[in-house]
């Protein structure tokens, strides 16, 4: 048998073996992806009580994308489904980052003190390598539950700044902002500021961890953590 044919058969056999790997063995290779239970193979499986970083994704359908695998890259397509739509959240994740995230995920309990209760993604993605953030794009929108006030919606686009992923989010009126910076090792820092706050609401915000900015009516909060 020609060597080319032997090599081709070997590649097909290896490819077939990869497709039958249990999902639980492969999901752990994706930073931030976890679940209470994994069912099925990497070709098509389900993660129960799944989490993507700080976000609860509940039941997450997962399957391996074959074309990146041929190039030696692991990439998983993920999706959650709802009764109202064929999918509620979807995207692609891998060891070096994520791509094409679309949809909304809840954030129960906020983000290390920041009063964020949900995040919506639109064509959102970011890729890191040993040198840090290499490319990023898409939109992130968040819902912020301010004590004593209505919920605030902030949005912004992602981009690389040096080695870091930076997402500056702003409210429609320009009075609210959150500057989010994510480092290559997963550490992050967020600075939330709300301007033009009345004295009564300021007192409530102070009890929730906000601090008054000297010489202004702004209330600010800084939080940090690691995804």
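The values are calculated or read from the model by the stated rules, or taken from the named source; none is laboratory data. Because the structure is predicted, anything quoted here is derived from the model rather than measured. Note: ideal-geometry Cβ built from the backbone for every residue, glycine included; neighbour counts use all protein chains shown.
Test of understanding: among 66, 95, which residue is touching a helix residue (DSSP H, G or I) at 6+ places or on another chain (Cβ under 9 Å) and either surrounded by fewer than 18 Cβ atoms within 10 Å (Cβ to Cβ) or outside the structural domain of residue 46 (by TED's automatic domain parsing) (or both)? Full working, then the answer.
Details: 95 fails: touching a helix residue (DSSP H, G or I) at 6+ places or on another chain (Cβ under 9 Å).
Answer to the check: 66.
When region 207-227 is filtered for residues that are free of Cβ contacts under 8 Å to residues at least 12 places away in the same chain and surrounded by 14 or more Cβ atoms within 10 Å (Cβ to Cβ), only 212 remains.
In region 134-148, what count of residues is obtained for those that are in contact with a strand residue (DSSP E or B) (Cβ under 8 Å, 6 or more places away or on another chain) and part of a loop (DSSP other than H, G, I, E, B)? Give the steps one after another, and end with the answer.
Of region 134-148, the ones in contact with a strand residue (DSSP E or B) (Cβ under 8 Å, 6 or more places away or on another chain) are 134-146.
Retained after the next criterion (residues that are part of a loop (DSSP other than H, G, I, E, B)): 146.
Looking only at that region, the number is 1.
Can you name every residue in region 194-206 that is under 19 Å from residue 112 (Cβ atoms) and surrounded by fewer than 18 Cβ atoms within 10 Å (Cβ to Cβ)? Selection gives 206 alone.
Report yes if some residue within region 17-30 is at positive phi and modelled with pLDDT of 85 or more; otherwise report no. No, there is no match, as no residue in region 17-30 is at positive phi and modelled with pLDDT of 85 or more.
Residues are listed down the side, and each one gets a yes or a no for (1) out of contact with any strand residue (DSSP E or B) (no Cβ under 6 Å at 6 or more places or on another chain); (2) outside the structural domain of residue 223 (by TED's automatic domain parsing); (3) touching a residue at least 60 places away in the same chain (Cβ under 8 Å); (4) assigned to a strand (DSSP E or B):
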position: 160; (1), (2), (3), (4): no, no, no, yes
position: 166; (1), (2), (3), (4): no, no, no, yes
position: 169; (1), (2), (3), (4): no, no, no, yes
position: 180; (1), (2), (3), (4): no, no, no, yes
position: 185; (1), (2), (3), (4): yes, no, no, no
position: 188; (1), (2), (3), (4): no, no, no, yes
position: 192; (1), (2), (3), (4): no, no, yes, yes
position: 196; (1), (2), (3), (4): yes, no, no, no
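Would you confirm whether any residue within region 206-217 is in a strand (DSSP E or B), touching a strand residue (DSSP E or B) at 6+ places or on another chain (Cβ under 8 Å) and within 30 Å of residue 95 (Cβ to Cβ)? Within region 206-217 (the criterion being in a strand (DSSP E or B), touching a strand residue (DSSP E or B) at 6+ places or on another chain (Cβ under 8 Å) and within 30 Å of residue 95 (Cβ to Cβ)), the answer is no, since none of the residues qualifies.
Out of 152, 183, one residue alone is closer than 20 Å to residue 105 by Cα and modelled with pLDDT of 85 or more. It is 152. Scanning region 184-193 for residues that are buried (at least 17 other Cβ atoms within 10 Å of the Cβ) and either in contact with a helix residue (DSSP H, G or I) (Cβ under 9 Å, 6 or more places away or on another chain) or under 15 Å from residue 53 (Cα atoms) (or both) yields a single hit, 188. You will find that of 53, 40, the residue that is modelled with pLDDT of 85 or more and out of contact with any strand residue (DSSP E or B) (no Cβ under 7 Å at 6 or more places or on another chain) is 53 and no other.
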